[in-house]
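The values are calculated or read from the model by the stated rules, or taken from the named source; none is laboratory data. Everything quoted here is computed from the prediction, not taken from an experiment. Positions of Cβ are backbone-derived with ideal geometry, glycine not excepted, and every protein chain shown enters the neighbour counts. We work out accessible area using only protein heavy atoms, side chains counted, and drop any ligands, DNA or RNA first. Shrake-Rupley method; radii C 1.70, N 1.55, O 1.52, S 1.80 Å.
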Amino acid sequence: MASCGPSYPVVTSFSWKDLSGSSLAFHDQGKRAEGGEALFSDASPADRYTLFKPEPMGDSEAIELLLHREQEQAGLSVKVRVIGSGKSAAQQVAAEIVLRDPNTYFVIPIAQGFSLSALELRLAEPESGAQDSAPSFSLRSITFRPRFVGFERLRDGVRLSSGFSLYTRDRNEYAVLRAPFPHPAATSGQPDTTSLYLDYGPVAHPAVLELSPARATGGRLRIRTRSGGLQTSLDAMLFPANPESLELQLPEAVELRAFFAAPLDPDREELADLGRVLLSSPRDPSRDFDLYRWDRFPAVLVFDFRDYAAQDRYLKRIAFFTEKIGFRGRLASDREIATLHGWNAHDYRPADLAAFFQAARSSNFPLNAEERDLQAILVRHGIIVDEGGQLRAGDGAFISISRESPAYLRTQLIVHESTHAIFFVDPDYRSFVFSAWASIGEDERWFWKLYFSWAGYDTSSEYLMANEFQAYLLQQPLARTFDYFSKTWVTQILQKHPEYKTTIDAYLERFGDRYQVHARTLDAWLEQKYGLGAGRTYAMY
């Protein structure tokens, strides 16, 4: 059998690896000298590399070539042909790439059922009759990898796939991903883990990016830019099933650093604008929650719970320990708080979380399974730190909402909770809010404390009062500020305390205009530093 096999030597000057990282045996059809099998020049413009054993591939896989430009050369273009065997022989894949960077990781997504046999590279336009043997480019490696469609700027070059294009029209740039998501048959009935990833650089002037087609947003997803740039991911479920293409429109002044569809590592996949949280369906309806990290403040965790009951199992006892009048600072049993209301949404700083879990540990207080799971998540993300059996505050914060809330309330609650997160993680904003709260006289504070007491907050905590003061002011757009406090709050209070009607009317006559004054002051601060404001802490809509 050996005497009937090919006489080509195995290539050893560069590697060809499968998805597991194992090396595959292949030979050089051009029969070049050892060490020169990967060099391309005008004198040696083409070669073919053939596997000794064809490799079956799927629609969720791709082949990646690391192409290194050996010398500066404008318009250096390389043609690539992926060749199949058996029934795949007629399904050859052809692509062409211009090498503009020192290193280009060129990715070619593979169709379902393709059995890869060989790979052919060719300089697109070598000079006729040229004898120059100085290499124009070299092939450094061939790797099978999970499917990738798009563009990503890397430290040593660029990763670029077939199916990605970029063009300019009417002072806008358009980045297009063709067939960004694998066909459902390629996932073998398993959930598709492909996400969309977007990274752009600092922006001098506010702008809006538009991504289409999209579900549930009129066919177009809009993303307000942030001055410092952004790295964020988007669920595939935000887009129609198997779209022919996705198009991102962005002003020329916006530097695109990455735009691609691929399975992401958890750190990238969890990065989410709050608008994505509001728009996304549950990834797994059987789970209690979906977990995100706020892309503007990556140390802030965002829990989107299945319903209020699931949220209570994780957070109700923490709410009473942290904020509830008559309970703050102590661990309450399930029986004691069973008939009492927690919150429809939550926010916590690391110090309070560490205090709760340390108190339970020190007193051997029995936590439920969900609370133990939450503690592990918080330790894993560094929000609380476990050192020698002692729990202490780490960095960041966490907030939560529930899918049981109607859409309008989810939006209001996530804005409310996200301003708490900013209060926790930004000492400058926290100091500004303390000053704003301290500037209010006792007469004006009366109705604030009346409402907070009615809602169950411990009004003896100035930290808590200042934090809630800013969050309630900012949870709705400025145009709705007065109506919210003069109608919603008043109606809720008078249902329990009708005897306060005359006093409240007099209060609103004297202080009613102050709500918008305070809200505008806080809104201006957040707008200047973060491009955020009242009713709009999310960029995606």
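Structure notes:
- Test result for MET540, within 34 Å of the chain's Cα centre (by Cα), open to solvent by less than 70 Å² (accessible area, probe 1.4 Å) and either under 22 Å from ASN344 (Cβ atoms) or of a type in the set (S, T, N, Q) (or both): no
- Only one of the numbered conditions (1) out of contact with any Pro (no Cβ under 8 Å at 6 or more places or on another chain); (2) in a loop (DSSP other than H, G, I, E, B); (3) among the basic types (Lys, Arg) is not met by ARG222, and that is (2).
- Residue match in region 329-346 (condition: basic (Lys, Arg) and within 19 Å of TYR457 (Cα to Cα)): yes
- Restricting region 152-181 to residues that are part of a strand (DSSP E or B) and closer than 21 Å to PRO240 by Cα leaves a set whose member that is most open to solvent (accessible area, probe 1.4 Å) is ARG178.
- Residues that are open to solvent by less than 20 Å² (accessible area, probe 1.4 Å) and among the acidic types (Asp, Glu), drawn from region 302-314: ASP304
- For region 274-293, filtering for residues that are surrounded by 18 or more Cβ atoms within 10 Å (Cβ to Cβ), touching a strand residue (DSSP E or B) at 6+ places or on another chain (Cβ under 6 Å) and either part of a helix (DSSP H, G or I) or of a type in the set (D, E, K, R) (or both) leaves 5.
- For region 450-468, a residue qualifies if it is out of contact with any Lys or Arg (no Cβ under 9 Å at 6 or more places or on another chain) and touching a residue at least 40 places away in the same chain (Cβ under 8 Å), and the qualifying residues are LEU450, TYR451, SER453.
- Of all residues in region 428-440 being assigned to a helix (DSSP H, G or I) and open to solvent by 50 Å² or more (accessible area, probe 1.4 Å), the one that is nearest to ARG306 (Cα to Cα): ARG430
- Tally, over region 210-234, of residues that are open to solvent by less than 10 Å² (accessible area, probe 1.4 Å) and among the β-branched types (Val, Ile, Thr): 2
- Scan region 448-478 for residues that are open to solvent by less than 10 Å² (accessible area, probe 1.4 Å), part of a helix (DSSP H, G or I) and of a type outside the set (A, V, I, L, M) and the total you get is 6.
- Answer from ARG380, ARG296, ARG317 - the residue that is within 30 Å of ALA539 (Cβ to Cβ) and surrounded by 15 or more Cβ atoms within 10 Å (Cβ to Cβ): ARG296
- Criterion (buried (at least 18 other Cβ atoms within 10 Å of the Cβ) and not in a strand (DSSP E or B)) met by exactly one of LEU331, LEU353: LEU353
- Within region 161-175, residues that are acidic (Asp, Glu) reach partners that are open to solvent by less than 30 Å² (accessible area, probe 1.4 Å) and in a strand (DSSP E or B) with beta carbons closer than 8 Å, at six or more positions or on different chains, in the pairs GLU173/LEU250; GLU173/LEU256.
- Taken over region 365-396, the residue count meeting the criterion of being in a loop (DSSP other than H, G, I, E, B), of a type in the set (A, V, I, L, M, F, W, C) and free of Cβ contacts under 8 Å to residues at least 60 places away in the same chain is 2.
- Of the residues making up region 238-278, those that are of a type in the set (S, T, N, Q) and farther than 14 Å from ASP199 by Cα are ASN242, SER245.
- Among the residues of region 397-427, just one is in contact (Cβ under 8 Å) with a residue 40 or more places away in the chain, open to solvent by 60 Å² or more (accessible area, probe 1.4 Å) and assigned to a helix (DSSP H, G or I), namely ALA407.
- Filter result for ALA241 (in contact with a strand residue (DSSP E or B) (Cβ under 8 Å, 6 or more places away or on another chain) and either part of a strand (DSSP E or B) or of a type outside the set (S, T, N, Q) (or both)): no
- Residues that are in contact with a Ser or Thr (Cβ under 9 Å, 6 or more places away or on another chain) and either charged (D, E, K, R) or under 22 Å from VAL107 (Cβ atoms) (or both), drawn from region 251-270: GLU252, PHE260, ALA261, ALA262, PRO263, LEU264, ARG268, GLU269, GLU270
- So SER363, is it at pLDDT 95 or above, surrounded by 15 or more Cβ atoms within 10 Å (Cβ to Cβ) and polar (S, T, N, Q): no
- Of all the numbered requirements in (1) open to solvent by less than 30 Å² (accessible area, probe 1.4 Å); (2) under 30 Å from THR459 (Cβ atoms); (3) of a type outside the set (Gly, Ala, Ser), LEU246 misses one, and that requirement is (2).
- So ASP347, is it closer than 24 Å to GLN470 by Cβ, open to solvent by 50 Å² or more (accessible area, probe 1.4 Å) and under 24 Å from the mean Cα position of the chain (by Cα): no
- Residue in region 488-500 that is touching a residue at least 60 places away in the same chain (Cβ under 8 Å), over 25 Å from ALA407 (Cα atoms), open to solvent by 10 Å² or more (accessible area, probe 1.4 Å) and part of a helix (DSSP H, G or I) present: no
- Complete set of residues in region 4-49 that are out of contact with any Leu (no Cβ under 8 Å at 6 or more places or on another chain), at pLDDT 90 or above and open to solvent by 50 Å² or more (accessible area, probe 1.4 Å): LEU19, SER20, SER22, SER23, LEU39
- Counting the residues of region 131-144 that are more than 14 Å from LEU99 (Cβ to Cβ) and at pLDDT 95 or above gives 4.
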